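The numbers here are math on the coordinates, done by the rules we state, and not lab data. Computed from a predicted structure; not experimentally measured. Cβ: placed from backbone, ideal geometry, glycine included. Neighbour counts: every protein chain shown.
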Amino acid sequence: MKRGSLAFLMLIAASPLGGQSLLYRPPNLGGTWVPDPAVVQFNFVHRFYVTSGPSHSVVNFPNFTLALGLGHQVALGAQFATRSLLVATGSGAQSSNETQVYARWRVRGAEGRPGFGVALTPAYNLLAKSVDGEVSVDWTRGPLTVHGAARAMSRRLGESGKGAAAFAGGLNARVNQYVALSADAGSFVSPTVRAAWSAAINFLIPGSPHTFSLQASNAGSATIQGASQGITSPKSVLYGFEFTIPLHLSRFAPWFHRSPKPVALGASAGAAIAAEVQMAALKFAGETVTISTGQAVRWTNRDPVEHSVTFDGAEQGSPIIPPNGSYTHRFDKPGTYTYHCTPHPFMKGVVIVK
């Protein structure tokens with residue numbers, strides 16, 4: 001793997017951030033969530049159907065959401081659908097690419113906290129040339145989160161010159177801290193429009209800020225308009241997945257600066273260092289080391305992301321160790337000391353003191 005690719009994978013696997021969790025949001029609802037300041041949220045939704053006949057080819061519907069947290073509970077974002085199924089000949093649209101730019105202000109509440117949350121989302125749909133908006137509410141108690149949304153559009157895609165309103169609702173039920181079930185439904189206020197729906201099983205990837213879901217839906221895009229009308233042809237159900245990636249802008253600083261100066265943390269320089277452990281490629285190189293009582297171990301961070309040495313028992317561990325930094329710890333009592341990295345719990349090691 002090239003060095004640049006490895007660095008990017010390490011960046012997205014960095015310390016847990018305030019990333020959007022699919023355990024608290026159904027597939028077709030934006031909810032009340034906004035990214036933390038200076039955090040970029042990237043969501044990738046991929047839905048598809050398989051054609052009938054001898055070819056059985058796969059028709060794909062990629063969707064992308066990109067949002068940036070600004071200030072206190074405010075976000076700016078955009079959603080892009082490469083194959084909007086709402087395009088009709090009467091709309092005058094020549095492209096099936098649907099783009100929505102939006103802002104969201106979370107008036108109250110926070111994801112995962114008990115009680116009510118409220119958010120306002122003004123938007124503009126470039127394909128429909130429509131000013132859209134949504135008022136979202138949610139209520140969380142224990143493992144359940146209930147969602148509701150009221151929507152308005154100045155021009156409905158496929159219905160040139162006509163305004164419209166829509167309503168939606170959904171539910172998340174968390175089985176445990178890593179798995180949840182969710183579903184939602186939404187529709188324009190029109191007897192001729194088929195309601196949009198979705199159902200999903202959602203997963204939090206342990207030790208990371210990323211969530212993943214397996215979905216079934218009849219909506220071709222996640223925009224305010226796209227999530228308000230279900231498709232009727234050529235297939236009535238799309239299957240797919242969603243993956244969420246939060247990125248803190250400060251994580252990209254190493255791309256534009258030289259390697260940081262070494263920082264020495266922990267025991268004094270006079271400690272007798274009996275073992276060296278390198279933190280590289282998201283693991284402790286030398287997972288088990290053996291030393292004598294009174295000797296020290298030095299950990300050096302060779303990754304472009306932060307790590308820590310956190311002991312599983314009562315032994316005091318390290319603060320966050322920056323890239324190119326080191327941490328030295330002297331062991332004054334015999335025993336077996338297991339430890340891990342707090343930002344990346346899958347990184348584990350053992351020090352045996354005789």
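Between HIS46 and LYS348, how many nm apart are label points set 7 Å from Cα along the C-beta direction?
3.1
Where Lys and Arg each count +1 and Asp and Glu each count -1, what net charge lies around VAL118 among other residues with Cβ under 10 Å from its Cβ?
Overall, the nearby charge balance is +1.
Of the candidates SER213, SER182, SER154, which one comes out as most mobile in a Gaussian network treatment of the chain with C-alpha springs shorter than 10 Å?
Result for the chain, Cα springs under 10 Å: SER154 fluctuates most.
Report relative contact order for segment 14-252 in percent, whole number only (criteria: Cα-Cα under 8 Å, sequence separation at least 6).
23
Using the Cα centre as the reference, give the magnitude of the dipole from point charges on the C-beta atoms of segment 92-175 (Lys, Arg: +1; Asp, Glu: -1; all else neutral), rounded to the nearest 20 debye.
180
Tell me the Rg and the Dmax, in Å, that the Cα atoms of segment 266-353 produce.
11.7, 33
Subtracting the Cα-Cα distance from 0.36 nm times the residue separation, let me have the gained length for ILE201 to GLU287 in nm, one decimal.
Using 0.36 nm per residue and subtracting the Cα-Cα distance, I get 27.4 nm.
Mind pulling the angle between the C-alpha long axis of helix 3-12 and the longest principal axis of the chain? Nearest 10 degrees, somewhere in 0 to 90.
Approximately 80 degrees, to the nearest ten.
Number of Lys pairs in the chain with C-alpha atoms less than 19 angstrom apart, excluding same-chain neighbours closer than eight positions?
Total qualifying Lys-Lys pairs in the chain comes to 4.
Answer with one residue from VAL146, HIS248, ASN97: the one whose Cα lies farthest towards the positive end of the charge dipole of the chain, charges on Cβ with Lys, Arg +1 and Asp, Glu -1.
ASN97
Looking only at GLY31, GLY220, GLY286, which one moves most when the chain is put into a Gaussian network model with springs between Cα atoms under 10 Å?
Residue with maximal mean-square fluctuation among GLY31, GLY220, GLY286: GLY286.
Go ahead and set up a Gaussian network model of the chain, Cα springs under 10 Å, then flag whichever of PRO37, PRO191, PRO246 fluctuates most.
Ranking PRO37, PRO191, PRO246 by mean-square fluctuation puts PRO191 first.
Across bins of 10 angstrom width beginning at 0, how are the C-alpha pair distances of the chain distributed, in whole percent?
Result returned by the calculation: 5, 22, 26, 19, 14, 9, 4, 1, 0.
Give, as a single signed number, the net charge of other residues whose beta carbon lies under 11 Å from the beta carbon of LEU144, with Lys and Arg counted +1 and Asp and Glu -1.
Here the charged neighbours net out to +1.
Put +1 on the Cβ of each Lys and Arg and -1 on the Cβ of each Asp and Glu in segment 136-254; which of GLY226, GLY158, ALA196 then has its Cα farthest toward the positive end of the dipole?
GLY158
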